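K.L.:
Below you'll find the structure I mean.
The values are calculated or read from the model by the stated rules, or taken from the named source; none is laboratory data. These numbers were taken from a predicted model, which means no experiment stands behind them. Note: ideal-geometry Cβ built from the backbone for every residue, glycine included; neighbour counts use all protein chains shown. Just so you know, the surface numbers come from the protein's heavy atoms only, side chains and all, with ligands and any DNA or RNA stripped out. Shrake-Rupley method; radii C 1.70, N 1.55, O 1.52, S 1.80 Å.
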Amino acid sequence: MGSLISDLRQGFRQLIQRPAFSAAAIASLALGIGLNTTLFSVVNAVLLKDTMIAEPDRLVEIYTGLNKDFPQLTTSYLDYLDIRKNADALKGFAASGYVRGILSGGERPALVTGEVVSSDYFDTLGIRLAAGRPIRDDESVVANSAPVLVLSHGLWQRQFGGRPNMIGENIQLSGFDYTVIAIAPAGFNGTIPGITSEFWTPLTMVDRLNFSGVQTNADEDPGTTRLERRGTRWLFLKGRLANGRTLEEARAQIDTIFRRLNADYPITNDKVTASVVPAASIRFHPMLDGYFKAASAGLLTAVGLVMLIACANVANMLLARGASRRREIAIRTALGASRGRIVRQLLTEGIVLSATGGALGVLIAMWGGRALTGLGVGMLPIPVSFDFSIDRNVLAFAVFVSAATALLFGLAPALSTSNPQLVPALKESPEGDKRQRITMRDALVVGQLSLSLVLLVACALLTRGLMTARAASLGFDTGPVSSLSFNLQMNGYDLARATAFRERVLQTLRGLPGVVAVSTASRLPLSPDINISTILITGRHTAADDGEQVDTVKVGADYFTSVGVPIVAGRAFTEEDVKADRHVAIVNETLAHEFWPDGSAVGRHLYEGTFNSTPYEIVGISRDHKVRSVGETPRPYLQLPDAPSRTIGLVVRTQMPAEQALPTLRQALRTLEPNIQFTDDASAEEVAATTVAPTRIGALALGAFGALALVLAAVGLYGVMAYSVSRRTREVAIRMALGAERRQVLAMLLGQGGRLACAGIAIGAVGAAGAGRVLRSLIYGVSGFDPIAYLAAAIVLLLVALAANLVPALAATRIEPVRALRDE
């Protein structure tokens, strides 16, 4: 222990004695460790942070599958009741669906997200309420009969000041009074990370709130309400295994239940399957977890490359410092110090550097976490945010990275420095440092440059794809188009009031100055919500076929004028089509050509769901436009007349850009309903931009990482060149004394750095090819081997390398030969 403390003291002395070296090394490590720790805090929040659920290994998740494309979706309320009644391998169920409501009582009505849940939700999850009682079984039987509510700890503190007498009070949610029966424990925000639930109320209260979760609907469902429609699937379902029961038993029982449901309810449950998976293996959803894990692995790999470059930089610095300490090491060796003892001392000095850099890196990560906390992902109909603060997992990761870094950059220099040639070292002769054809320092710099090229090429590919996507034709002009949507169910409207309000909204907006056209629509093209229908066509399908799945939208009259998509054949919808709920349809060019290649689709018929449904007559064909993403190939698109609903989506075309029109549109709607809460409020340009958000974020992140890597690599290359020039002072002096011109000496010295840069580019190009394959799904209209991207990255790298080489090379050409030889 005493020798370790002595080594640590010596390490700190070395830092203090060489402040410039120490500052450069610590800064490199702090940036690398800070970036890695910050990104790990993101991965930790998204994939690893505890959700407070007790014994998650005893929980299972139950999903309903419709077909091979959608094998794991939500479950209907009636199917859930059948599972609950007949699956005795499970002793408790946590059924839930996300809802939103308007909470009154504060200074301004607040839009809050919560869940409708089964009565044993908290017990099944093992969550102990901070105060009050859970929802009772009798409060989860009759629709709208039990307006009781559990408040989240955060909402209790924020909205109600943490009042101790809150239990038993009434609060108003979406126009109805609810009695507060409990407060959830601090830190529990629901079961899906990132989606913060602020209240919980019985499943049977769902129709009084705005449903905002994942839902599918079966055609021709005989039910009238959400609770009565077996084909409306909207519940996330977890079950806890009974004592002594296994996952296989639960699967077998639920499979049996679903086979019976297939036979008993062919309209809603034909071919529907069940999927039972361990809850501990699921973070968000089986269909999403793979994407999150792949994205996290990709970002960690990118930042890991920056960390490797930083380590190579510090290793190069230590090698240079080791060369200057040859005499010191030789004396210690001559006095009897073993090589192992010297290696330990040098490694300890590296640990001191790494620990200091790691401490600063944690501070950087704390700042980065605060900057990222609350960052939302606008890909769901409810707000998504994560807490990226530092916890034990993140601190443990920072310690591990710091320790691994100390070994990574410290071991090779320590081994190299600890074995000097004694006689030349004691004489301080340069002969002990004769230049080899390829030194360790050269290899480190080549590695830095090659890793930098990988990051630069990846950034260039994403940037090229982003530019290509932005230049692509969308099929309509997004500039003057605004999208606004709201759900009047949150304001307590029934269907009749909501329908009348919709007519007032359309009349009011059409009367505003500068408004060209207004229509309703269930979605705007390129918005993240996707609606899919199964269609069948006589002569193409039989009753036994599954049909074809196509994207679908429900729209009002003037929709095509509002969006700016022309009708190329037939006609658009009329007001009578919408008000009378006529079974007419408009298809796009791709759908028309795909299903009726031998003639016009106008006048033809298609069925939605089954041949037992009322057919839709096609009355028009619209021009193709982008539906899901900017980079997609044309896809079939079905447009149906909008139906009365409490959810109202508006598409407004104005004479001015949408950004200028939106404030006026919002004010006009709030004049009609002061407590309106917009669930969507954006320009069509903003909506379109969300489809390339992953590419844009990737390009920005890799661009930042690539720039940092390039700076670190340039510093490393500069260090190698400066050191090389210092060791070749005598050679340069002799050459110049013998008549060599400055440009010849400059070319000779630049040639060394140029060879290193070219080697780095050649090796990096191989790694970049692998990165291009990984990024293919994010690149629009650009090959993973795009020559422009590779050339641009190589040119940037060569220019930076030239600058790093030029400074020490120019300094060498200013050497006075006589003075240099005299100094030697």
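K.L.:
Lys and Arg at +1, Asp and Glu at -1: add these up for the other residues within a Cβ distance under 11 Å of Ala544 and post the number. Mind dumping the intermediate values first?
P.N.:
Working: positive: Lys271; negative: Asp270, Asp545, Asp546.
Combined, the nearby Lys, Arg, Asp and Glu give -2.
K.L.:
Explain nothing, just the number: relative contact order of the chain, from Cα pairs under 8 Å at least 6 residues apart, as a whole percent.
P.N.:
15 percent
K.L.:
Here's something else I'd like to know. Lysine pairs in the chain with alpha-carbon atoms under 18 Å apart, 8 or more places apart or on different chains: how many are there? Each step should come with its number before you reach the end.
P.N.:
Details: Lys49/Lys293; Lys68/Lys271; Lys85/Lys238; Lys91/Lys238; Lys554/Lys579; Lys554/Lys626.
Lysine pairs meeting both conditions in the chain amount to 6.
K.L.:
So what is log10(I(q)/I(0)) for the range 144-239 at q = 0.10, 0.13, 0.21, 0.25 1/Å, when the Debye sum runs over its Cα atoms only?
P.N.:
Each listed q corresponds, in turn, to -0.33, -0.55, -1.15, -1.38.
K.L.:
Show Ile532, Ile171 ordered by accessible area, largest first, where the area counts protein heavy atoms only and the probe is 1.4 Å. Don't skip to the end; give the middle numbers.
P.N.:
Values: Ile532 70, Ile171 10 Å².
The ordering from most to least exposed comes out as Ile532, Ile171.
K.L.:
Where does each of 94-102, 606-614, 495-503 land if you order them by average Cβ count within 10 Å, highest first? Don't skip to the end; give the middle numbers.
P.N.:
Values: 94-102: 26.0, 606-614: 16.6, 495-503: 14.3.
In decreasing order of mean packing, 94-102, 606-614, 495-503 become 94-102, 606-614, 495-503.
K.L.:
With all protein chains present, calculate the accessible area of Phe560 using a 1.4 Å probe and round the result to the nearest 10 Å².
P.N.:
10 Å²
K.L.:
Another question, if that's okay. With every protein chain kept in the model, how would you rank Phe397, Phe188 by accessible area, 1.4 Å probe, largest at the top?
P.N.:
Numbers: Phe397 40, Phe188 0 Å².
Result of the area sort, largest leading: Phe397, Phe188.
K.L.:
Summing -39500 (n - 2.57) over the DSSP H runs of n ≥ 4 in the chain and dividing by its residue number, what mean residue ellipticity at 222 nm do you reach, to the nearest 500 deg cm²/dmol? Can you show the working numbers first?
P.N.:
Values: 24 runs with 394 residues, N = 824.
So the calculated ellipticity at 222 nm is -16000 deg cm²/dmol.
K.L.:
How do Glu55, Glu139, Glu686 stack up against each other in accessible area, from largest to smallest, with a 1.4 angstrom probe?
P.N.:
Working: Glu55 120, Glu139 10, Glu686 95 Å².
Highest to lowest solvent-accessible surface, that is Glu55, Glu686, Glu139.
K.L.:
Further question on the same structure: May I ask what percent, to the nearest 5, of DSSP beta bridges between residues of the chain are antiparallel?
P.N.:
Working: 70 of 88 bridges.
Percentage antiparallel, nearest 5: 80.
K.L.:
What whole number of Å gives the distance from the Cα centroid of the range 249-283 to the Cα centroid of the range 134-180?
P.N.:
Using only Cα atoms, the two centres lie 33 Å from each other.
K.L.:
What does the charge count near Val602 come to, summing +1 for each Lys or Arg and -1 for each Asp or Glu among other residues with Cβ under 13 Å from its Cβ? Mind showing how you got there, number by number?
P.N.:
Numbers: positive: Arg571, Arg604; negative: Glu589, Glu617.
Neighbourhood net charge equals 0.
K.L.:
Which one, Ser152, Gly114, Ile195, projects farthest toward the positive side of the charge dipole computed for the range 75-226 from Cβ point charges (K/R +1, D/E -1)?
P.N.:
Most positive-ward Cα: Ser152.
K.L.:
Quick check: at a probe of 1.4 Å, how many percent of the accessible area of the range 587-651 sits on carbon and sulfur atoms? Walk me through the numbers on the way to the answer.
P.N.:
Values: 1170 of 2560 Å².
After summing per-atom areas, the C and S share lands at 46 percent.
K.L.:
At a temperature of 20 °C and a viscosity of 1.002 mPa s, determine how fast the range 484-572 diffuses translationally according to Stokes-Einstein, using the Kirkwood radius over alpha-carbon pairs as Rh; express D in µm²/s, rounded to the nearest whole number.
P.N.:
Working: Rh = 16.1 Å.
The estimated diffusion coefficient comes to 133 µm²/s.
K.L.:
Kindly state, to the nearest 0.05, the FRET efficiency for Gln744 paired with Val807, given R0 = 22 Å and r defined as their beta-carbon distance. Display every interim value, and only then the final one.
P.N.:
Numbers: r = 19 Å, r/R0 = 0.85.
Rounded to the nearest 0.05, the efficiency is 0.75.
K.L.:
For the chain, report the translational diffusion coefficient in µm²/s to the nearest whole number, using Stokes-Einstein at 10 °C, 1.306 mPa s, and a Kirkwood Rh over Cα pairs. Don't skip to the end; give the middle numbers.
P.N.:
Values: Rh = 31.4 Å.
Calculated translational D: 51 µm²/s.
K.L.:
With an 8 Å cut-off on Cα pairs and a minimum separation of 6 or more residues, tell me the relative contact order of the range 215-255 in percent. Don't skip to the end; give the middle numbers.
P.N.:
Working: 22 pairs, mean separation 12.4, N = 41.
Reported as a whole number, the value is 30 percent.
K.L.:
Counting only protein heavy atoms and a 1.4 Å probe, tell me what percentage of the range 53-99's accessible area is made up of carbon and sulfur. Show your work: numbers first, answer last.
P.N.:
Details: 880 of 1750 Å².
C and S fraction of accessible area: 50 percent.
K.L.:
Could you give the accessible area per residue of the chain, probe 1.4 Å, as a whole number in Å²? The partial results should precede the final answer.
P.N.:
Details: 36550 Å² over 824 residues.
Per residue, the chain has 44 Å² of solvent-accessible surface.
K.L.:
Using a 1.4 angstrom probe and counting only protein chains, how large is the accessible area of Phe236 in Å², to 10?
P.N.:
Number for this one is 40 Å².
K.L.:
State the percentage of accessible surface on the range 232-282 attributable to carbon and sulfur atoms; use a 1.4 Å probe and exclude ligands, DNA and RNA. Don't jump to the answer; show the numbers that get you there.
P.N.:
Working: 1280 of 2310 Å².
Carbon-and-sulfur percentage of accessible area, whole number: 55.
K.L.:
Which helices of the chain meet both criteria: a Cα extent of 15 Å or more along the helical axis and a mean Kyte-Doolittle score no lower than 1.0, with helices taken as whole DSSP H segments?
P.N.:
Span-like helices here: 19-43, 289-324, 392-417, 440-471, 693-727, 787-813.
K.L.:
Can I ask one more? Calculate, for Asp581 and Ser145, the FRET efficiency according to 1/(1 + (r/R0)^6) with r their C-beta to C-beta distance and R0 30 Å; round to the nearest 0.05. Intermediate results must be reported in sequence, preceding the final value.
P.N.:
Details: r = 32 Å, r/R0 = 1.05.
Once the sixth-power term is evaluated, E becomes 0.40.
K.L.:
Using per-residue counts of other Cβ atoms within 10 Å, averaged over each peptide, order 159-168, 798-807 from highest down. Before the final figure, lay out the partial values.
P.N.:
Values: 159-168: 11.6, 798-807: 18.8.
Peptide ranking by packing, descending: 798-807, 159-168.
K.L.:
With Cβ to Cβ distances under 14 Å as the rule, what net charge do the other residues near Val457 carry (K, R +1; D, E -1)?
P.N.:
Summing Lys/Arg as +1 and Asp/Glu as -1 gives +2.
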